[in-house]
Amino acid sequence: MKMKAKTLIVVSAVLAVMVAFAVRATRQARDAREALTALAPQPDRLRKKADQMNARLQTAREALRILESTSAGAAAESPTGSQAKGAVAGKSASGSAAAPAQRPNPLTLVANDPAKMAEYSRNFRAGLDLRWGGMFKAIGMSPVQIEKFKDVELWLQESRVDLQAAIAAQGLDSNSVEAQKLWTDYNNLRTTKKVEALGDLADRYFEYFGTQSVRNYSQELAWTGIFTGESISSAQVERTADVLIANTKRMLTGPGAKWVDLPTLDWTAASQQLKGVLSPAQIETLGRFVEKDKAQARVNQQTRRLTAQFNARVPRP
């Protein structure tokens, strides 16, 4: 019962912070509109500011609605034995919960400053062309779909910043049950929002997104060409990616992206199939990228094995 009460208190606290964000945004939007009426000589600048504040208000309201819809489920969950032990271990000698010391997150500071948040949002949206421009073309998105996708990406990022600020304001440990529940709900929402925005292109987007770790190899050839003088076209990049993906196994997945299992890439087979796509020098360079990651995977595996052996020999208190 104590753990349930604690969960209810924490979720309520997070909701309270989100309500504060909404109230703050409402007040700022109202002030901007009043200023717009009072200062007629500057209508364009003030109207733009009012629009920004209204957008922030909508974001805060939507994030609040999402948290309200998930709070009941979070409160109803009963802790497992290990969670209960963790809760006891997290208390101080006086019996009260000890708040973990956390560094201020820069995005938390941005979230609480409307001017900085507006500037951050503009820059984030502008950068989406650089980040996803190749994907827009590869899956055949129309200009309207691209703008809709950007709107969703911006909304999700602003919601993420607000949620992060709310968790930080309550001093929640990022590994706590409450924080993890909130992030799980948020991540599930990402998939839902992307499906709503992309419609029939959703499957193609998730395929592209889930194979990005393999696509990185072919995309790296673009910048190495700057130094080698051997350029590569966008068609070659995509064809190379297709060959690499076809020779890589997939991991077990849930909804959304179908992730490739990068260590399973069969470079021997892929390199033969790439002979009609890339030059011998480019194939050699690509092979070095692949071998570097495979070597790192072997190092990681060996490190885990030796760590397990060491831990098994260390006497436990």
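Close amide H pairs (under 5 Å, H built 1.01 Å from N) link ARG250 with ASP261, residues at least 5 positions away or on another chain. Once the chain from GLN180 to PHE310 is taken as fully extended at 0.36 nm per residue, the excess over their C-alpha distance is 43.8 nm. Remark: spin-label model distance LYS258-PHE227 equals 3.6 nm, labels positioned 7 Å along the Cα→Cβ axis.
Against the empirical 2.2 N^0.38 Å (N residues), region 183-287 has a Cα radius of gyration ratio of 1.23.
Over all other residues within a Cβ to Cβ distance under 14 Å of LEU128, the charged ones net out to +2, with Lys and Arg as +1 and Asp and Glu as -1.
For the pair LYS249 and GLU284, a Förster radius of 35 Å applied to the C-beta separation gives a FRET efficiency near 0.90, rounded to the nearest 0.05. Using a 1.4 Å probe over the heavy atoms of the protein chains, calculate the carbon and sulfur portion of the accessible area of region 155-208 as a whole percent. Reported share for carbon and sulfur atoms: 45 percent.
Filter LYS137/LYS249; LYS137/LYS294; LYS137/LYS193; LYS181/LYS294; LYS150/LYS292; LYS258/LYS294 down to the pairs with a C-alpha to C-alpha distance above 32 Å, please. Pairs exceeding the cut-off: LYS181/LYS294; LYS150/LYS292. Heavy atoms of the protein chains alone define the surface here; on that basis region 267-307 has 65 Å² accessible area per residue at 1.4 Å probe size.
The values are calculated or read from the model by the stated rules, or taken from the named source; none is laboratory data. The structure displayed is predicted, hence computed values, not measured ones. Cβ atoms come from the backbone with ideal geometry, glycine included; neighbour counts cover every protein chain shown. Remember, those area values only see protein heavy atoms, side chains included, never the ligands or the DNA or RNA. Shrake-Rupley method; radii C 1.70, N 1.55, O 1.52, S 1.80 Å.
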